[in-house]
2 protein chains.
Amino acid sequence: MQEYPLSKVFQLLEPGPTVLVTTASGGRANVMTMSWHMMMEFTPPLLACVVSEANHSFAALASTRQCVIAIPPASFAPTVVDIGNCTGAKVDKFQAFGLAKLPAAQVAAPLIAQCFANLECIVADDALVERYNLFVLQVVQAWFDPAWPELASTDPGRNLPKTLHHNGDGTFRLDGEMLNLKKRMVKFPECT
Amino acid sequence: MQEYPLSKVFQLLEPGPTVLVTTASGGRANVMTMSWHMMMEFTPPLLACVVSEANHSFAALASTRQCVIAIPPASFAPTVVDIGNCTGAKVDKFQAFGLAKLPAAQVAAPLIAQCFANLECIVADDALVERYNLFVLQVVQAWFDPAWPELASTDPGRNLPKTLHHNGDGTFRLDGEMLNLKKRMVKFPECT
């Protein structure tokens, strides 16, 4: 994995991909699937996510206050669904699904080698955890797979890995056509 | 517009579409473009969104505590970008962009006829508005365009309107292929 600029993290999450969340607690790593997340701030990158108390990952995230958000390519879809349909309380999901762990730089939770981007996060605010299971995370280090050099490019016609968008019911929309409307972004030239 | 079940609202927003947000304040309607939102709860449907204080819509949303989230089809992309690149402080965007208003049932903000789904929302929690401009919204009434009957269907092969996913830089990924992995959703049969 290669370093990805923190100032561009929002470009990875703003499109709404289904992601994986890894945690490590008591020397044991776990991973869950997540679609309820959003960007909150550009720099330092903040995001919000909802992790249900029903998820085994909840306790690890709440106690260690660390996680990694890994973005899988669309080709990983069957595994992404299966990860979300079993529990770390009973299964070592890394072993069960052949997920290759890579060490993170700033958190104990592992990166996932099969994912094209990995975001090391710390819990920045837990004010709404009790009420809604809503965590505010700060991305402290970001990585991308150099097999996808165009992720770090600003070329508007760049070839990005196709991601998954979960319709919430076991069906997904995959990324299709790319549309370039940069010329119309007159108010935010710093983004284009 | 036809009534859309509140229990299925999460299926509209979970994939992460770029949306429009309408407000009405002092008898004047306004609209902005938004990509920073996520689902928080199934029923009643709660969502979170970030509306910057720099947006003219912020004051209207904060004071009236109401808005409509309208989901545009991908074909509306140029207008979606243009709406986000001018301010309601200077422009009547409904007039400027030929947006057709429809009356909402429970809020003063208008629905947008060109959008295939419209969600009437009230501010349910403003605890994180001051710190992050993060609003917790409750969807109190939902509508869909009957030209898209499959939106309300549970057919896994259903034909859904293509939506926009903003890469944050003026480029968008459009919905492409639909992937049906319902059979693997063993833990959440109620969703499939």
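The values are calculated or read from the model by the stated rules, or taken from the named source; none is laboratory data. The structure displayed is predicted, hence computed values, not measured ones. Neighbour counts are summed over all protein chains in view; Cβ atoms, including those assigned to glycine, are modelled from backbone coordinates with ideal geometry. Surface accessibility is based on the protein's heavy atoms, side chains included, excluding ligands, DNA and RNA. Shrake-Rupley method; radii C 1.70, N 1.55, O 1.52, S 1.80 Å.
Some values worked out for this structure:
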{"item": "For B:Q95, label point 7 Å along C-beta direction: distances to other copies, nm", "result": "6.9"}
{"item": "Cα centroid separation, region A:1-58 to region A:122-179 (Å)", "result": "8"}
{"item": "Extreme residue, positive dipole direction of region B:107-192, given options B:F116, B:N180, B:L151 (C-beta unit charges)", "result": "B:N180"}
{"item": "Chain A - percent relative contact order, Cα under 8 Å, separation 6 or more", "result": "24"}
{"item": "Proximal lysines relative to A:K93, as straight alpha-carbon distance under 17 Å, when same-chain residues fewer than 8 apart are discounted", "result": "A:K101, B:K187"}
{"item": "Extreme residue, positive dipole direction of the protein assembly as shown, given options B:V91, A:L164, A:S25 (C-beta unit charges)", "result": "A:L164"}
{"item": "Per-residue average of Cβ from other chains inside 10 Å of B:159-167", "result": "5"}
{"item": "Total charge dipole magnitude, the protein assembly as shown, about the Cα centre, Cβ charges on Lys, Arg, Asp, Glu only, Debye to nearest 20", "result": "300"}
{"item": "Choice from B:Q66, B:Q141, B:Q95 with maximal GNM fluctuation in chain B (Cα, 10 Å cutoff)", "result": "B:Q95"}
{"item": "3J(HN,Hα) from dihedral phi, region B:137-150, Karplus parametrisation 6.51/-1.76/1.60, rounded to Hz, x for glycine, proline", "result": "10, 10, 7, 9, 7, 10, 9, 9, 7, x, 5, 10, x, 6"}
{"item": "Position B:K182, label points 7 Å along Cα→Cβ, spacing to each other copy in nm (shortest first, one decimal)", "result": "4.1"}
{"item": "Förster radius 51 Å - calculated FRET efficiency between A:Q2 and A:R131, Cβ distance, rounded to 0.05", "result": "0.85"}
{"item": "Karplus 3J(HN,Hα) series, Hz, for region B:66-76 with 6.51 cos²θ - 1.76 cosθ + 1.60 (x for Gly, Pro)", "result": "9, 6, 10, 9, 10, 9, x, x, 4, 5, 8"}
{"item": "Average Cα contact separation per residue, region B:1-74, under 8 Å, 6 or more apart, as relative contact order %", "result": "35"}
{"item": "Charge sum, other residues only, whose C-beta stays under 15 Å from A:W148's C-beta, Lys/Arg counted +1 and Asp/Glu -1", "result": "-1"}
{"item": "Neighbourhood charge, 12 Å Cβ-Cβ cut-off, centred on A:V31 and excluding it, Lys, Arg +1 and Asp, Glu -1", "result": "+1"}
{"item": "Label point 7 Å beyond Cα along the C-beta direction, distances from A:D126 to other copies (nm, shortest first)", "result": "2.8"}
{"item": "Selection of chymotrypsin sites (Phe, Trp or Tyr not before Pro), region B:34-114, meeting DSSP coil and at most 11 other Cβ within 10 Å", "result": "none"}
{"item": "Magnitude of the charge dipole, region A:15-184, Cβ model with Lys/Arg +1 and Asp/Glu -1, debye to 20", "result": "160"}
{"item": "Cα gyration tensor, chain A - rounded (a/c under 1.5), prolate or oblate", "result": "prolate"}
{"item": "Loop-resident sites, region A:1-99, for trypsin sites (Lys or Arg not before Pro), counting at most 11 other Cβ within 10 Å (DSSP)", "result": "A:K90"}
{"item": "Two-decimal Rg to Rh for region B:1-71 - Kirkwood Rh, Cα set", "result": "0.97"}
{"item": "Built amide H within the under 5 Å cut-off of B:L102, gap 5+", "result": "B:L111, B:I112, B:A113"}
{"item": "Average beta carbon contacts from partner chains per residue of A:33-42, 10 Å cutoff", "result": "6"}
{"item": "Within region A:1-38: backbone nitrogen closer than 20 Å to the A:M178 label point (7 Å, Cα to C-beta)", "result": "A:2-18"}
{"item": "Ellipticity estimate at 222 nm from DSSP helix runs (n ≥ 4, -39,500 (n - 2.57)) divided over chain B, nearest 500", "result": "-3000 deg cm²/dmol"}
{"item": "Kirkwood hydrodynamic radius of the protein assembly as shown, from inverse mean 1/r over distinct Cα pairs, in Å", "result": "20.9"}
{"item": "Flagged links, alpha-carbon separation over 22 Å, of A:K182/B:K8; B:K162/B:K182; A:K90/B:K8; A:K8/A:K182; B:K8/B:K183", "result": "A:K182/B:K8; A:K90/B:K8"}
{"item": "B:H165 - accessible surface, heavy atoms, 1.4 Å probe, Å² rounded to 10", "result": "0"}
{"item": "Chain B: most fluctuating residue of B:A59, B:A147, B:A77 per GNM, C-alpha cutoff 10 Å", "result": "B:A147"}
{"item": "By accessible area with a 1.4 Å probe, ligands and nucleic acids excluded, highest first: order of A:T171, B:T43", "result": "B:T43, A:T171"}
